[in-house]
Amino acid sequence: MISFEQVSKKYHEKTALVNANFHLQRGAMAFLTGHSGAGKSTLLKLIMLMERPTSGKVIVDRQDLSQLSRAQVPAHRRKIGLVFQNHQLLMDYSVFDNVALPLKISGYNERDSGRRVRAALDKVGLLDKERLSPQTLSTGEQQRVGIARAIVNKPKLILADEPTGNLDPDLSAEIMRLFQQFNQVGVSILIASHDLELIQRLPHPVIALNQGRISGSASLMGH
Amino acid sequence: MAFFNKPPTHNASRTQPESASKRLLREHKEVLVSSWERLWRTPLSNLLTWLTVAIALALPAALMLLLSQASHLGQQVNQSSHISVFLSLNTTDEQGQLISRELATRPDIAKVSYLSAAQALIEFKSSSGLEDILSSLTENPLPATILIEPTNASLSPHALKKMTQELRLQDNIDQVLVDMAWLDRLQSLLLTSQRFTYSLALLLALGVLLVVGNTVRLHIESRREEILVIKLVGGTDAYLRRPFLYAGFWTGLFSALIAWIILQLGVIYLHQPLLSLAQSYQSDWQLQGLNWMGSLSLIATSCSLSVLGAGLAVRRQLNLIEPK
């Protein structure tokens, strides 16, 4: 699903990623770990085309990203469900409208969109909160709304950037169970997290980043 | 895992059939409605923008209205102008009358009146008070004169000039005089006001672009978070641009309506003094308000300027907001 071949990224003088090689197979779920500043965010940004590599090749869903022009970036991003640490919900939108945003962008009509949004909210257990403002929800609930938004488009790949960063262990475990459920139906998942305690309890491969270099296992098998 | 496993069969049949053009139309309709609703979330600040744009539109529009009608007035006043043709001194009375009758047949001449040399002398004596000196002359120094009133169609300075040139080439005609000076003056005055108005209109159009552009820039800034999220979940530039272009359209429409009201109020206010002014020149000229053609072009100009201003601002501003 994702391949990095000799990927490096430099910001001015600072090197964020050095000769990164890894392969995430279709349908696999993996963790990306490392200290803050180790290059986790850079790696995710390269996949999302928020950044372009200084050298090397990034391939997502058989598409070499260097071939994509600026105008093709939106279509690429629509294929990926993105979950943020700070959930990035729009506070002047209702829960429903937040989740519906990716569908609206893809041009779904209201009826189809409504059905899909409710299915996604049902999946994360927030169907009864669709009319509320995200502001009135707890942190865990907000994160689940963010996840509902990431899955509403039924992406083949989900990227999560510290999805449990602000949550207590119980809520974190619950969020991870959600990701595992999605993975079981064939969605490829890459989760950046520094919550090593939680990661070690889960049976998924780990890509460890240290000062821009991958030190863990390089090739990740699906199950 | 019901959510992802939902069979695509009954699902796909409902999501697929909409054609691209139908979808685009529906999306535009949605943005039209949502941008309309957004207008009324900040009615006061919008009203201020509309007023600013409306004033910038009303000023040149009023001048253009006045000018277009003043040139009609100029043509009306022209009717008093006539051409004096002086015949050469050796022309006999019979020849003079013949020339006069010939001129009367020209299509661009409405009326001629012939004044013989003797008649001219009598008139000059009585009007100048130089009777004694003139009586002592053995010969009449004055030529016979033909006064010409051109037809309405040939009252333009250009037509008058052409007629004068043709008359000068005829035998026995010594001199042709048209009171062109004031006509030229009126023309230059109209041309000056016209150019002044156009320059003003151009500057104020630029002003409208900047005002709308700046307003849209602020709107974009205030929706920065939203734009970032939309970019991250894959919203295209066209999708992001649309609400702001529609906001520009609404600004243009409402500003044009306000400018229209300002104009009509101005016409009502000026009506009485202008009427007295025109009457003092024996003219029945009246200042008219914008007709429907004028009103439509006001709205069209306003809307296109506003959409253009919004478009320029959006193009610049959206590129500055990139997820980092």
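Read-outs: derived from the displayed coordinates by stated rules, not from any lab. Bear in mind that the values here come from a model prediction, so they are computed numbers and not experimental data. Please note: Cβ atoms are built from the backbone with ideal geometry, for glycine as well, and neighbour counts cover all protein chains shown.
Set the Förster distance to 56 Å, then compute FRET efficiency between residue B:286 and residue B:123 from the Cβ-Cβ distance, nearest 0.05.
Efficiency, from the Cβ-Cβ distance: 0.90.
Test of understanding: in a Gaussian network model of chain A with alpha carbons linked when under 10 Å, which of A:45, A:129, A:14 would top the mean-square fluctuation ranking?
A:14
Taking each residue of B:231-243 in turn, how many C-beta atoms of other protein chains fall within 10 Å of its C-beta, and what is the average?
Taking the mean over all residues of the peptide, I get 6.
Most exposed first by the Cβ proxy, i.e. fewest other Cβ within 10 Å, how do A:12, B:82 rank?
Fewest-to-most Cβ neighbours within 10 Å comes out as A:12, B:82.
Give me a single rounded figure for A:71-78: the average over its residues of other chain Cβ atoms within 10 Å of their Cβ.
Across the residues of A:71-78, the mean count of other-chain Cβ atoms within 10 Å is 4.
Can you sort A:50, B:293 from fewest to most other Cβ atoms within 10 Å of each residue's own Cβ?
Fewest to most other Cβ atoms nearby, the residues stand as B:293, A:50.
I need the helices of chain B that pass two filters: whole DSSP H segments spanning 18 Å or more by Cα along the axis, and mean Kyte-Doolittle score no lower than -1.0.
Helix filter hits for chain B: B:20-39, B:43-78, B:181-222, B:237-280, B:292-320.
Across peptide A:99-106, what mean number of C-beta atoms from other chains lies inside 10 Å of a residue's C-beta?
Counting Cβ atoms of other protein chains within 10 Å of each residue's Cβ and averaging gives 5.
Please report, in debye to the nearest 20, how large the charge dipole of segment A:91-154 is about its Cα centre when each Lys and Arg carries +1 at its beta carbon and each Asp and Glu carries -1 there.
The calculated dipole for segment A:91-154 is roughly 240 debye.
Starting with the fewest neighbours, write out B:251, B:301 ranked by other beta-carbon atoms found within 10 Å of each beta-carbon.
Sorted ascending by nearby Cβ count, the order is B:301, B:251.
Gaussian network model of chain B, Cα springs within a sub-10 Å range: biggest mean-square fluctuation belongs to which of B:252, B:266, B:309?
Answer for the Gaussian network model of chain B: B:266.
Taking every Cα atom in the protein assembly as shown, find the radius of gyration and the maximum pairwise distance Dmax, and write them in Å.
In order Rg, Dmax, the Cα atoms of the protein assembly as shown give 40.8, 137 Å.
Restricting attention to segment B:77-144, which GluC sites (Glu not before Pro) occupy a DSSP loop and are surrounded by at most 12 other Cβ atoms within 10 Å?
B:139
Which of B:178, B:159, B:87 sits closest to the plus end of the dipole of segment B:82-178, meaning its Cα is farthest towards the positive end, when Lys and Arg get +1 and Asp and Glu get -1 on the C-beta?
Sorting the options by dipole projection puts first B:159.
Could you tell me whether chain B comes out rounded, prolate or oblate from its Cα gyration tensor? Rule is a ≥ b ≥ c as square roots of the eigenvalues, rounded for a/c under 1.5, then prolate if a/b exceeds b/c, otherwise oblate.
Cα axes put chain B in the prolate bin.
State the answer as a single residue: which of A:98, A:137, A:49 lies farthest towards the positive end of the charge dipole of segment A:1-154, with beta carbon charges of +1 for Lys and Arg and -1 for Asp and Glu, about the Cα centre.
Most positive-ward Cα: A:49.
Rounded to the nearest 20 debye, what is the charge dipole size of chain A about its Cα centre when +1 sits on each Lys and Arg Cβ and -1 on each Asp and Glu Cβ?
800 debye
Please name whichever of B:44, B:255, B:197 sits farthest to the positive end of the charge dipole of chain B, dipole taken about the Cα centre and charges placed at Cβ: Lys and Arg +1, Asp and Glu -1.
B:44
Which value in nm describes the separation of the simple spin-label points at residue A:197 and residue B:315, placed 7 Å from the Cα toward the beta carbon?
In this crude label model, residue A:197 to residue B:315 measures out at 5.5 nm.
Efficiency by 1/(1 + (r/R0)^6): what FRET value for residue A:12 and residue B:206, r their Cβ-Cβ distance, R0 = 41 Å, to the nearest 0.05?
Once the sixth-power term is evaluated, E becomes 0.55.
Using only helices, what value at 222 nm comes out for the protein assembly as shown when you add -39,500 (n - 2.57) per DSSP H run of length 4 or more and divide by the total residues, to the nearest 500 deg cm²/dmol?
After summing the helix terms and dividing by the residues of the protein assembly as shown, the value is -18500 deg cm²/dmol.
Going by the alpha-carbon gyration tensor, a ≥ b ≥ c the square roots of its eigenvalues, is segment A:136-223 rounded (a/c under 1.5) or, if a/c is not under 1.5, prolate (a/b greater than b/c) versus oblate?
It is oblate, given that a/c is not under 1.5 and a/b is not larger than b/c.
Specify the inter-centroid distance of segment B:273-319 and segment A:56-84, based on alpha-carbon positions, in whole Å.
49 Å
Would you calculate the separation in nanometres between label points at residue B:154 and residue B:37, each defined as 7 Å from the Cα along the Cα-to-beta-carbon direction?
7.0 nm
Please give the helix A:110-123 orientation as an angle from the longest Cα principal axis of chain A, in degrees from 0 to 90, rounded to the nearest 10.
Value to nearest ten degrees: 70.
With both bridge residues required to lie in the protein assembly as shown, what share of the DSSP beta bridges run antiparallel, to the nearest 5%?
The antiparallel fraction comes to roughly 65 percent.
For residue B:130 paired with residue A:112, estimate the spin-label separation in nm (one decimal), with each label point 7 Å from Cα along the Cα-to-Cβ line.
Computed distance between label sites residue B:130 and residue A:112 equals 9.8 nm.
GNM, chain B, Cα, under 10 Å: largest mean-square fluctuation among B:281, B:246, B:114?
B:281
Quick one: dipole size for the protein assembly as shown, taken about the Cα centre, charges +1 on Lys/Arg Cβ and -1 on Asp/Glu Cβ, in debye to the nearest 20.
Once rounded to the nearest 20, the dipole reads 3780 debye.
How are the C-alpha pair distances of chain A spread across 5 Å bins, as whole percents from the shortest bin up?
Result returned by the calculation: 1, 7, 15, 18, 20, 16, 12, 7, 3, 0, 0.
Round to the nearest 10 and give me the degree value, 0 to 90, for the angle of helix A:95-105's Cα axis relative to the longest principal axis of chain A.
That works out to roughly 60 degrees.
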